[in-house]
Amino acid sequence: MNDARAIAEETARASYGRLLAWLSSRSNDVAAAEDALADAFRAALETWPERGAPNSPEAWLLTAARRKLIDGSRRKNTYKDSIPALTLAAEEAEIAMRDEAPFPDERLKLLFICAHPAIDAGVRTPLMLQTVLGLDAARIASAFLVSPAAMSGRLVRAKRKIKAAAIPFEPPEPQAWGPRIGAVLEAIYAAYGAGWDEIDGSANANANLTGEAIFLARLTANLIPDQGETWGLLSLMLHAEARRDARRKDGAYMPLGEQDLALWNQAMIDEAEAALARAWKCGQVGAYQIEAAIQSAHVAARLKGHDTTVDIVLLYEKLNALAPTAGAAVGYAGALAAAGRFEDGFKVLDAMHPEQTKNYQAWWAVRAHILNKLERKNEAKIAYDRAIGLAEDEATRRFLAAKRAALGKVRS
Amino acid sequence: MNYLLLLYQDENLWEKKSEDEKAETMGAYFSYADALREAGAHIDGAPLEHSSTSKRVRTNRVQDGPFADAKEQLGGYFLIDVDNLDSALEWAARCPCASTGHVEVRPVWNIGG
């Protein structure tokens, strides 16, 4: 009996996105497809424990869900518009059930819908996490630091818009891919960032977002293999993820240069390097590929003992020319400091707009480091204070407090 | 818009800390309060005395505390002024208490208008 429940839960985890993509691309209505799928899962939990799980749980769920969808359309008198498509869907589902052949993977369509220009940029990532991965609104809300009610509201509005604006369930024409792929990748990157920042402490529940983001990136790269940036993003995230276990030692923050190499995930590094090589072959340089190359240079420095500090400075220069962001500027300043060019690094930080840097923790941390190296101890202490005050986790706070303490007595 | 950040954590943790650890924790809170001030968001904030000193009044009867068996007690607060809830939540995430306990964010009802 518990087996049937376990199978239902496993199917929900493994196939939710594919089932939802398939259903919504035939009903053109994400919200209705979600409701129908939820009903189908509920029915599965009621009947499978008694009658045993079907041979093809996915086909069973699809058949149950499209029945709900057809009932729903009948009630709403949208019968004429959607029934032909749904009947076709029903036939496909039955064929799938008979052959037990895998049904087509249409999650890419769903990703493109979520990243459609008509959808608010801020809700694209949450929408992907909900529809393609099946995360609930409360968990997404905690990762994006908004209240669950507000997040549900945004998701509901976005889905209503997909239906009302009749956003087509087709990937755009190849010539329109550029910006749309950019939005898909940006949303995946945002999901990874939300998980990456929250490595320990109270935010443990979000650590898994990084795994889900990597899953989406791998999916996108395999579905659109001729776009260099899809491989670049995958490589970047795999490189970062490979070092996850090494970033803390007994709860203390470990900078990259001091991490225990035995804790790096070599298989992930290999996959990251292969993805980067594949990206270069596509012949279109982009920001994610450069960020991945920076990661790769850091890794080579530790693993092979190469001095890559100058390469990293050059890569950051390229990145800032191509896609200037606050993060890239601070990274550039850090790279200059690592190459011993402290004055140059300081100038880069100083040239940034105060509104951008006022509450930006990384800016204060790098500034403190550079001021320390420039023997401007009083200013370094103030910068360390701000970096500590803006830090979001205990390990970073402690690491910086130790650096501040090492400044010794300074007049304040 | 004003928000009250309510800081909940196991107050017995504090008792168990060495003097050095207490100084480090206080330092983290001072840095946090300074960052709030520099951002122009700080209105007020303070730690609370141990919950065993609290009293509850209900229908004219005063009772001694503590009242909750819960491990996490209200241990302090910050009153901040920021543009919106998203910004308040960002500041709550930076609060040292968010790493060791939890922080509740409550919008303050603006009666004065």
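So the values come out like this:
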{"read-out": "Number of the exception - A:Val366 against (1) out of contact with any Leu (no Cβ under 7 Å at 6 or more places or on another chain); (2) in contact (Cβ under 8 Å) with a residue 12 or more places away in the chain; (3) within 21 Å of A:Gly257 (Cβ to Cβ)", "value": "(1)"}
{"read-out": "Residue in segment B:7-44 that is farthest from the other protein chains (Cβ to nearest Cβ), counting only those that are of a type in the set (Gly, Ala, Ser) and out of contact with any Gly (no Cβ under 7 Å at 6 or more places or on another chain)", "value": "B:Ser18"}
{"read-out": "Residue within segment A:132-142 that is touching an Asp or Glu at 6+ places or on another chain (Cβ under 8 Å), of a type in the set (A, V, I, L, M) and in a loop (DSSP other than H, G, I, E, B) present", "value": "yes"}
{"read-out": "Pairs, first crowded, with 17+ Cβ neighbours inside 10 Å in segment A:36-62, second in a loop (DSSP other than H, G, I, E, B), C-beta under 6 Å, six or more apart", "value": "A:Ser56/A:Glu100; A:Trp60/A:Pro54"}
{"read-out": "Residue pairs meeting the criteria (Cβ under 7 Å; at least 6 apart or on separate chains; first surrounded by 12 or more Cβ atoms within 10 Å (Cβ to Cβ), in segment A:299-310; second among the acidic types (Asp, Glu))", "value": "A:Ala301/A:Asp307"}
{"read-out": "Scope segment A:264-310; condition β-branched (Val, Ile, Thr) and part of a helix (DSSP H, G or I); matching residues", "value": "A:Ile269, A:Ile290, A:Ile294, A:Val299, A:Thr309, A:Val310"}
{"read-out": "A:Tyr332 vs. criteria aromatic (Phe, Trp, Tyr) and either at pLDDT below 95 or closer than 14 Å to A:Leu233 by Cβ (or both)", "value": "no"}
{"read-out": "Residue in segment A:18-41 that is of a type in the set (S, T, N, Q), touching a helix residue (DSSP H, G or I) at 6+ places or on another chain (Cβ under 9 Å) and in a loop (DSSP other than H, G, I, E, B) present", "value": "yes"}
{"read-out": "Count of residues meeting criterion [at pLDDT below 85 and either closer than 14 Å to B:Tyr29 by Cα or aromatic (Phe, Trp, Tyr) (or both)] in segment B:67-79", "value": "1"}
{"read-out": "Matching residues in segment B:39-66 - criterion: being at pLDDT 90 or above and farther than 17 Å from B:Ala93 by Cα", "value": "B:Gly40, B:Ile43, B:Asp44, B:Ala46, B:Pro47, B:Leu48"}
{"read-out": "Search result, residues across segment B:25-54 that are part of a helix (DSSP H, G or I) and over 30 Å from A:Gln356 (Cβ atoms)", "value": "B:Thr25, B:Met26, B:Ser51, B:Ser52, B:Thr53"}
{"read-out": "Odd one out for A:Arg160 among (1) exposed (fewer than 14 other Cβ atoms within 10 Å of the Cβ); (2) modelled with pLDDT of 80 or more; (3) among the charged types (D, E, K, R); (4) over 30 Å from B:Glu90 (Cβ atoms)", "value": "(4)"}
{"read-out": "Residues of segment B:80-100 classified as within 12 Å of the chain's Cα centre (by Cα), more than 8 Å from chain A (Cβ to nearest Cβ) and at pLDDT below 90, total", "value": "0"}
{"read-out": "Verdict on A:Leu407 being among the hydrophobic types (A, V, I, L, M, F, W, C), crowded, with 16+ Cβ neighbours inside 10 Å and out of contact with any Leu (no Cβ under 8 Å at 6 or more places or on another chain)", "value": "no"}
{"read-out": "Helices (runs of 4 or more DSSP H) fully within segment A:312-412 counting 1 or more residues that are within 12 Å of chain B (Cβ to nearest Cβ)", "value": "A:354-357, A:361-373, A:377-390, A:394-406"}
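The values are calculated or read from the model by the stated rules, or taken from the named source; none is laboratory data. Keep in mind it's a predicted model, so treat the numbers as computed, not measured. Quick reminder, even Gly has a Cβ in these numbers, built from the backbone with ideal geometry, and neighbours come from all protein chains shown.
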